[in-house]
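Scroll down for the structure; my scribbles are underneath it.
Readers should treat all values here as calculations from the given coordinates under stated rules, not as data from a laboratory. From a predicted model like this one, the values you see are computed outputs, not experimental measurements. Because the Cβ atoms are built from the backbone with ideal geometry, glycine has one as well, and the counts that use them run over all protein chains shown.
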Amino acid sequence: MPMNDVSSHNTEPYYTKTRSDVLAASHLLGEIFLDYRITDVLGTGGMGIVYKAYQASLDRYVALKMLPSNEYSPFHIQQLKDEAKMAAKLQHPHIVSIHLFAEDKGHYFFVMDLCEGITLEKMLEVKRKDKKRRRPFFSLEESLKILQQVGSALAYAHEKNIIHRDVKTANVMMDQKKNCRVMDFGLASFYRFPTGNTAKMVAGTPAYMSPEQTLGKDLDPRTDIFSLGVILYELLTLERPFPDTSSTRLFDAIHHRIPPAPSSINPEISPDIDSMVFIMMEKKKEDRYASMNECLEDVEKVIQKKQTHAYQRVSSYHARGMKRKDVYSLRKRRSVLKNTAVMVMTGLLFLFGLAVLKVKMLDSYRMDSHAKRDFDKAKNYMLIRRYDLAEPLLQKIISDYSRTPYAEKAEGMLNENRLVE
């Protein structure tokens, strides 16, 4: 998706929103906490529920992160407070700002900017599904701009002795003006302090973890550099460098496997970019960029078409006796064979599907699926006595999906509701 497509997705939720999220948190809709009236459930973050709230005194909407009602232990309250304190120390144009931490009516929460836009995770999902584009990849200019914005936010946090520890595409939001903001410092921690704050447990999102993070070792800013390298790899190739779904295999890949060079997947990528990505994702943190600022210097040199530090450095692949061109040539051959096999299998499956499926069957299945989805939603709304939300869905099923068995069920449920009323 080009950068100018962001505005068409400005209604994307702040966090992932599921039916269970709505059921778990909808009882607070309309409630007022201090000066904030809850208007919507935006979803769940790392350690809490995120709501959209209206602040009457300033006539604006904000995001409000609150602990679930079953997690009001002193430990969870302190966790939420620590997250708010951590993020409040970071006043940066590419970091979500925290306004307030408070307790009201027995609920603990903090208030932050409402980011309206789309996460990089959602943008990547759209691009992966859009197979009609001739150039599905993010352009190099787009990718480097995102890298600069996110990198500058993390560099600022590192200067404040804070590491994020959960840098991933779901935690980077892009607004309509194409500005990225880093969110969710729920796993962030201080470093360089002899206070025991450096975490020694495995925490984070596995696909974006550095090798040392998967082992629960002491962390420093170079773990965020590794995670940002994974994001850059995804932007350039639309693939994850370590795509395994099993945590055991995924961690083994992070420690031992060398992913294909981005240039073997996206021919527009230069050797400079390949080197920069691989230096960011070096297995040993000592072999990565020493700081995020050093990485950003290389980004600027790429933009100015100058030779980067990464291209001049010797990576771990060269230590294995392989020249740079040999590594890329081997990866490219493997990638071609793999892509060819995938294309052949995809073609065979597509032809088989055309021979088996019929248009009427597809239409019937699609209609049943939509009717079932709306019926389940209405049923859940009835369970929580939100009849005002359930009734329009039931009427829609009766009118739009009259040929499905759910139409009769919807009519029965609607009549029961009217009897109750």
At q = 0.16, 0.18, 0.22, 0.23 1/Å the base-10 log of I(q)/I(0) from the Debye formula over the alpha-carbon atoms of the range 81-187 is -0.76, -0.91, -1.21, -1.28
If you project the alpha carbons of the range 359-420 onto the principal axes, what extent comes out on each, in Å, largest first? 41, 17, 13
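Are any of the pairs K301/K338; K85/K127; K177/K301 more than 31 Å apart by Cα-Cα distance, and if so, which?
On the way: K301/K338 33 Å; K85/K127 36 Å; K177/K301 25 Å.
Beyond 31 Å: K301/K338; K85/K127.
If we count other beta carbons within 10 Å of each Cβ, what is the order of T169, T205, fewest first? It would help to have the intermediate numbers written out before the result.
Numbers: T169 22, T205 18.
Final ranking by Cβ density, sparse to dense: T205, T169.
For the range 359-420, how many pairs of lysine residues have a Cα-Cα distance under 15 Å, where the two are 8 or more positions apart or belong to different chains? Walk me through the numbers before you get to the answer.
Values: K372/K396; K372/K409; K377/K396; K377/K409; K379/K396; K379/K409; K396/K409.
Close lysine pairs found across the range 359-420: 7.
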Charge tally in the Cβ shell below 11 Å around G151, where Lys, Arg are +1 and Asp, Glu are -1, G151 excluded: -4
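I'd like to compare 26-34, 104-112: which one has the highest average count of other Cβ atoms within 10 Å, and what's the full order after that?
Numbers: 26-34: 15.1, 104-112: 17.2.
Averaged packing, sorted descending, gives the order 104-112, 26-34.
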